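First the structure, in the form of structure tokens, and then the observations on it.
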Amino acid sequence: MSEDIQYEGIKIWEDQNIIRCKLSPVFFKTYDKSEREEVLYKAISVIYDRQYKPLLLDLKQLNSSDSIELFILISNSVSINTLVLSRVFLVRSTSLRILLAINNITGNKVVPNKIHTDFNVARAYCQNNYQIFNNAS
């Protein structure tokens, strides 16, 4: 396990070939809308070791509007897409999961998004995705 990278409201680390990212409401108070993508990109870049890994974003501490905003930001981020194998969002409610899934269907995403409410299911998806990708490479 690598060392943790911490900014205001963001914690990022590698755990079992998964780039884990936990965000808190402080992130939205510290960085304005125009800075958020760059801050996340820089944090992921520090962990990135030239090997594609799934990105597991824990949004459970965020309210629904911040979760939706971040989901759209990361889903559409070309720069973040260049660093990750897939994006998995961990959200706190089934209703938010459904709302994000609808957005996921309507978008044209090169890097797949998965949305889960259960951490163990999200982690298992990431580990399986990483294993399949590396066995095929």
**Message:** Using a Gaussian network model on the chain with a 10 Å cutoff between Cα atoms, which of Asn76, Asn63, Asn120 fluctuates the most?
**Reply:** Asn120
**Prompt:** Listing Cys21, Cys126 from the residue with the fewest other Cβ atoms within 10 Å to the one with the most, what is the order?
**Reply:** Cys21, Cys126
**Prompt:** With a Cα-only, solvent-free Debye model of region 1-74, what are the log10 I(q)/I(0) values at q = 0.16 Å⁻¹?
**Reply:** -0.53
**Request:** Could you give the size of the charge dipole of the chain about its Cα centre, using +1 on the Cβ of each K and R and -1 on the Cβ of each D and E, expressed in debye and rounded to the nearest 20?
**Result:** 360 debye
**Request:** Using the charge dipole of the chain (Lys, Arg: +1 at Cβ; Asp, Glu: -1 at Cβ; taken about the Cα centre), state which of Phe27, Gly9, Pro112 has its Cα farthest towards the positive end.
**Result:** Pro112
**Asked** Got a sec? Charge dipole of region 5-136, +1 on Cβ for Lys and Arg, -1 for Asp and Glu; which of Leu100, Ser77, Ser64 is way out at the positive end?
**Response** Leu100
**Request:** Mind telling me which of Leu90, Leu99, Leu40 comes out most flexible in a GNM of the chain, alpha-carbon contacts under 10 Å?
**Result:** Leu99
**Complete:** Fewest-first ordering of Ser24, Ser65, Ser93 by Cβ atoms within 10 Å yields Ser65, Ser93, Ser24
**Along principal axes, Cα extents of the chain, largest first, whole Å** = 39, 31, 26
**Prompt:** Which order results if Ile47, Ile72 are arranged by neighbouring Cβ count within 10 Å, fewest first?
**Reply:** Ile72, Ile47
**Prompt:** Just Gln127, Gln16, Gln51 to compare: in a GNM of the chain, with alpha carbon springs under 10 Å, which one fluctuates most?
**Reply:** Gln51
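Just so you know, all these numbers are worked out from the coordinates, no wet-lab data involved. All values derive from a computational prediction rather than experimental measurement. Positions of Cβ are backbone-derived with ideal geometry, glycine not excepted, and every protein chain shown enters the neighbour counts.
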